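A short worksheet on the structure shown next.
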Amino acid sequence: MRLAESCDLYGIVRERLHVSSGKGSNASAKVAKIVAGMLIGADSIDDLDVVRHGGMPALFGGVYAPSTLGEFLREFTHGHVRQLQAVGREFLVQLARATPLLPGAGAVTFIDVDSLLRRVYGKKKQGVGFGHAKVGGYKVLLRGYNPLVATISTPCAAPVIAATQLRAGNAGSARGAASLVAEAIATTKAALAAQQRPAAGEIVARLDSAFYSRKVIAACRRRGVRFSITIRVDAKVRKAIEAIPADAWVEIEYPQPVWDDEQRRFVSRAQIAEIAYTAFENTRDEVTARLIVRRIPDLNKRSRGRPR
């Protein structure tokens, strides 16, 4: 919290978050209290009472009761949530200015986007819906929320959250992804600039096949960042793969066996190749990029054990 104060968390909240009702007064102190509670381990409104426990009042001034903070949070509209997200983005930039947040950015910076279903048990919670999730390798339906999260990392830095979007449990993975990617890219560039270090290297956005869409790729291209997106295998993709020359495949061996989730087994070797591929042909978002393919020869053997 001392670090948060040095990065002017209070001032950023005061400038960007405006809750007009009386319950929204002194929003900066209330937000700071919620952040402090989360750092200590609170994951609900009632748990925020931990900041008043024992000697905590000697460390934190302006401590509010959980009921007061609950009333404050219940005043939030979607607009207030967007204001608080803007607070988070600006605070991350200030944090990058005050600390070595992203070491190794001179080589490459990664933006990773994914959705994750989080189960809740209250049936009356707003926006709760049934979504698909994997439990023990099986696809099941769970009641909960399906938040979208973007993180920033480098080869030397652990991921930090750049943007979030809370969605209903039955929301499709790609819903709102293009706007979230745009926000994450803007935050990444601002954070890298705030480090006041030599020019940063490439920025690469990485997403799985659920986010393969014209809007997401267009959001990356308009902002000048590279992208690595898993593509679904369809007839057109299969045709492109079949056009790869036999001598273009490169053998790779893994130092340690890698678990293949689709095949449900460990893999020790594979082959990779690449070919040019044009996506979204005859549209304004048409793009030609490298299609990188991996295959596992062990799965394609003739009866005598020779690979096809």
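The values are calculated or read from the model by the stated rules, or taken from the named source; none is laboratory data. Remember, it's a predicted structure, so these values are computed and weren't measured experimentally. Reconstructed Cβ throughout: ideal geometry from the backbone, glycine too, with neighbour counts over all protein chains shown. SASA here: full protein model, heavy atoms, side chains in, ligands and nucleic acids out. Shrake-Rupley method; radii C 1.70, N 1.55, O 1.52, S 1.80 Å.
Suppose accessible area is computed on protein heavy atoms with a 1.4 Å probe; arrange I231, I217, I292 from highest to lowest.
I292, I231, I217
Please give the net charge around R143, taking every other residue with its beta carbon less than 10 angstrom from that of R143, where Lys and Arg add +1 and Asp and Glu add -1.
Its environment carries a net charge of +3.
Kindly write out, for the stretch 127-135 in residue order, the coupling ³J(HN,Hα) from the Karplus curve 6.51 cos²θ - 1.76 cosθ + 1.60 (θ = phi - 60°), rounded to whole Hz, with x marking Gly and Pro.
Those phi angles translate into x, 5, x, 7, x, 7, 8, 9, 10 Hz.
Put K30, K139 in order of accessible area, largest first, 1.4 Å probe: what do you get? Don't skip to the end; give the middle numbers.
Working: K30 10, K139 160 Å².
The ordering from most to least exposed comes out as K139, K30.
Can you send over the solvent-accessible area of D46, 1.4 Å probe, protein chains only, in Å² to the nearest 10?
Ignoring ligands and nucleic acids, D46 comes out at about 120 Å².
How much length is gained on full extension from K125 to V204, taking 0.36 nm per residue of separation minus their Cα-Cα distance?
Answer, rounded to one decimal: 24.8 nm.
L291's amide H: which non-local residues (gap 5+, or another chain) put their own amide H closer than 5 Å, with H modeled 1.01 Å from N in plane and none for Pro or chain starts?
For L291, the qualifying residues are I275, A276, Y277.
Accessible surface of V140 in the full protein assembly, 1.4 angstrom probe, to the nearest 10 Å²?
The accessible area comes out at roughly 50 Å².
In deg cm²/dmol, rounded to 500, what helix-only [θ] at 222 nm does the chain give when every DSSP H run of at least 4 residues adds -39500 (n - 2.57) and the total is split over its residues?
-9500 deg cm²/dmol
For every other residue with a beta carbon closer than 15 angstrom to the beta carbon of H18, add +1 if it is Lys or Arg and -1 if Asp or Glu, then tell me the sum.
Local net charge: +2.
With θ taken as phi - 60° and the coefficients 6.51, -1.76 and 1.60, list the Karplus ³J(HN,Hα) couplings across the stretch 2-17 in order, rounded to whole Hz; mark glycine and proline as x.
5, 5, 4, 5, 5, 8, 6, 4, 4, x, 5, 5, 4, 7, 10, 10
What is the set of long-range amide H partners of R206 at a cut-off below 5 Å, with H atoms built 1.01 Å from backbone N?
The answer is I111, D112, V113, S228.
Once you list every other residue whose beta carbon is under 15 Å from the beta carbon of H132, what net charge do they have if Lys and Arg are +1 and Asp and Glu are -1? Display every interim value, and only then the final one.
On the way: positive: R118, R119, K134, K139, R143, R167, R175; negative: D114, D208, D261.
After counting each charged neighbour, the total is +4.
Report ³J(HN,Hα) in whole Hz for each residue of the stretch 283-288, in order, from the Karplus equation J = 6.51 cos²θ - 1.76 cosθ + 1.60 where θ = phi - 60°; Gly and Pro get x.
Calculated HN-Hα couplings, in order: 10, 5, 9, 4, 8, 9 Hz.
Sort L84, L148, L142 by accessible area with a 1.4 Å probe, largest first.
Per-residue accessible area, sorted high to low, gives L84, L142, L148.
Just to confirm my numbers, what's the Cα centroid distance between the stretch 92-155 and the stretch 194-247 in Å?
Value for the Cα centre distance between the two parts: 19 Å.
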